[in-house]
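What follows is a single structure, written as structure tokens, with notes after it.
Every number here is computed from the coordinates shown, using simple stated rules; none is lab data. Note that the structure is a prediction, hence the values are computed from the model and not measured. Cβ placement follows ideal geometry from the backbone for every residue including glycine, while neighbour counts extend to all protein chains displayed.
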Amino acid sequence: MPETKEISIGDVGARASVYQDELQGEDIAINVGPSHPTTHGVLRLIMELDGDVITKCEPVVGYLHRGDEKIAENMTYNQFVPYTDRLDYIAPLANNVTYALAVEKLAGLEVPPRCAAIRVLVTEMARLSSHLLGVGVYGMDAGAWTPFMYTFTEREKLYTLFEELTGARFTTSYTRIGGVSRDVPDGWLKKVSAFCDQFLPILEETQKLLTRNRIFMDRTEGIGVISKEDALAYGMTGPNLRAAGVDLDLRKDRPYLGYDQYEFDVPIGQTGDCYDRYLVRLEEMRQSVRIIRQVIQSFPDGPWYAEDAKKIYAPKKDKILTSMEELIQNFMIVTEGPRMPEGEVYFEAENPKGILGFFIVSKGGGVPYRLKIRSPSFCNLSILPKIVPGHYLSDITVLLGSLDFVMGECDR
Amino acid sequence: MSTLVETLQPRFVGLAPRQSGDHPAVRCPAELVLPLLQCLRDEFGYSLLMDVTAVDWEEDTPRFSVFYHLFCVSDARYIRVAIDCPDDEEPSVPSVVSLFPAADWHERETFDMFGIRFEGHPDLRRILMWDEYPYFPLRKEFPLAGIETELPDEEVSEETRAKVLSAPMMGGPFVSKSGAPMSRAEPRAKDQSWTEWDRKPTKEIE
């Protein structure tokens, strides 16, 4: 412990320079995490500080590693659906849909329009729920408590809607290969539309608390600037990439589930700083509401599961109980899994956090030979050692909040 | 066969088209991966490296293949590049971090899970498991339940005499092998040495 020198009281400038001299050359290592309120999961950041400025940052992930890929390679395609809930546990429905689409691509299956509409609807609602958490908790990281109360109230309403549709609030496991687990209940669409009507004014009110808030702007503008080139080089996707100014949205660029029928805009940021990432998420929520309204308006009739895929998904319950053929088929699918063709497919979809991808290598049979999950949070986080140095320690909370990652997905 | 692969083939000797369910795919010799990816990035616009992963082919030779998925932002196209690891015992391929910084964590993960070394990687360490972990979990011979290992911290394991125990397999996953005799094809949990009633043996703390 160095001795303190006598300095005159009131001469703040002099005091600062004295301490500066004494600390010269001493780098302090500091740990944020493994478990920290701003990391939204189990993430450890080992940082070296020079005074208050970070000179080096090393993220450590892996605390939540559960071996999801190994598990997938030891169970049938249908059995893995509940595990996809646990990846991005903020938006499980979007994960379910992406996984089902990947397996359907392998099987060469087309889902009927009603099923596609339901899937678009739940994906966009999942996006709302994810961004509501992202924006609300992000405000809290910057020191604003009230927006969080608003957004969480809205999330609760969404979860009530999810519960009515899927039977579960958080771990929905809603999709099946070739369809969804059940049709929308009577009157549910009206409730969704009513939710949208009351949601937009509340979103307006929430953003009034943040968007022109001097403190919030001072803490986020110019912080964590990610250039277009860096964002691409580090493989960032989703709102984080779009905030950096890259126009990449798979819903527009490689439309799946009939996204090309719906009108919506893709918000693009200009500076790629924390403030832009917030604005992009805010606008994406409005666009999601726009899509939801269009889906409800043109909601098609018909079956909500693919009828021609006899060997892929389990037959309907009433048929299993009355017909021998269907009973045998059900038994085979339950014990051995669906009969998949051989091949390699890679499917990616635009999820709330970024682009979620599944790479499936099949050798036939009901179990994937290799299933690789390309998780957006993992790729988004790998840029941290590049952008963190040069910031103050207090900027870290805002920076992490703006990236909006989920560690369950990062570590898989 | 895709036209892209046809244009690439005369420039890179040894490049072969690969069977694929969706996107154009090439199989490339390991030493050509750097020039090939650089060409794809600079001349064909595949600027976003989406994914690096590997597949363990178990009994086939070569045993390991490394897969790259590249994405072209302007045209929204994918290409899959597969390279076979020349050596089965100590697999290694060139690292592409110098071209795509995104490969950094992906390659560390592939090394962690499969034990494939990426030559030229700036900082090849484990990323998901702890540093001293002796196994490669995504190799096919590694059991689903895991293997009993020492705790990562020596001091803690000396003090507690506890170990990382293998996971309970009661309750799943239940998958039967098609084509096997009925007695073996019957779906069963993979470890039935303990049940809800017959408790799992744990190390007692002395």
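Would you compute the Debye intensity of region B:40-96 from its alpha-carbon atoms alone, equal scatterers and no solvent, and pass along log10 I(q)/I(0) at q = 0.23, 0.30, 0.31 Å⁻¹ to two decimals?
Results for region B:40-96 at q = 0.23, 0.30, 0.31 Å⁻¹ read -0.85, -1.16, -1.21.
Quick check on region A:185-301: take the gyration tensor over C-alpha atoms, sort the square-rooted eigenvalues as a ≥ b ≥ c, and tell me if it's rounded (a/c under 1.5), prolate or oblate.
Oblate.
Kindly put A:Trp145, B:Trp130, B:Trp57, A:Trp304 in sequence by how many other C-beta atoms sit within 10 Å of each C-beta, fewest to most. Don't skip to the answer; put the middle values down first.
Details: A:Trp145 10, B:Trp130 15, B:Trp57 18, A:Trp304 21.
Listed from fewest to most nearby Cβ atoms, that is A:Trp145, B:Trp130, B:Trp57, A:Trp304.
Got a sec? How would B:Val96, A:Val81 order by Cβ neighbour count within 10 Å, fewest to most?
Arranged by neighbour count, lowest to highest, B:Val96, A:Val81 become A:Val81, B:Val96.
Could you work out how much longer the chain between A:Thr55 and A:Asp218 gets when fully extended? Use 0.36 nm per residue separation minus the Cα distance between them, nm to one decimal.
56.5 nm
Among A:Ile360, A:Ala233, A:Ser375, which residue has its Cα furthest toward the positive end of the charge dipole of the protein assembly as shown, with +1 on Lys/Arg Cβ and -1 on Asp/Glu Cβ?
Comparing the listed Cα positions along the dipole, A:Ile360 ranks first.
As an exercise, take the mean of 1/r over every pair of distinct alpha carbons in region A:47-189, invert it, and state the Kirkwood radius in angstroms. Mind dumping the intermediate values first?
Working: mean 1/r = 0.0577 Å⁻¹.
Taking the inverse mean of 1/r over all distinct Cα pairs, region A:47-189 comes out at 17.3 Å.
Å³ per residue of the Cα convex hull, for the protein assembly as shown?
197 Å³
Using alpha carbon centroids, what distance separates region A:247-261 and region B:1-73, in Å?
Their Cα centres are 25 Å away from one another.
What are the residues whose amide H is under 5 Å from the amide H of A:Val42, where those residues sit 5 or more places off or on another chain and H is modelled from the backbone?
When sequence neighbours closer than 5 places are left aside, the close amide H contacts are A:Met407.
Going by Cα centres, region A:44-97 and region A:351-387 are how many Å apart?
Taking the Cα centre of each part, region A:44-97 and region A:351-387 sit 10 Å apart.
Using label points projected 7 Å from each Cα along Cα→Cβ, tell me how many nm separate B:Phe174 and B:Gln38, to one decimal.
For the pair B:Phe174/B:Gln38, the computed spacing is 5.6 nm.
Want the number for A:Ile46 to A:Glu156: 0.36 nm per residue separation, take away the alpha-carbon distance, what's left?
Contour length minus the Cα-Cα distance gives 36.1 nm.
For chain A, modelled as a Gaussian network with Cα springs under 10 Å, which listed residue fluctuates most, A:Gly235, A:Gly343, A:Gly33?
A:Gly343
Between B:Arg125 and B:Glu59, how high is the FRET efficiency from 1/(1 + (r/R0)^6) when r is the Cβ-Cβ distance and R₀ = 45 Å? Nearest 0.05.
Plugging the Cβ-Cβ distance into 1/(1 + (r/R0)^6) gives 0.90.
Size of the dipole of the protein assembly as shown about the Cα centre, Lys and Arg at +1 and Asp and Glu at -1 on the beta carbon, nothing else charged, in debye to 20?
Its charge dipole is roughly 2400 debye.
For region A:182-238 and region A:325-347, what is the separation of their Cα centres, given in Å?
39 Å
If you line up the long axis of helix A:113-141 against the longest principal axis of chain A, both from Cα atoms, how many degrees apart are they, to the nearest 10?
The answer is roughly 20 degrees.
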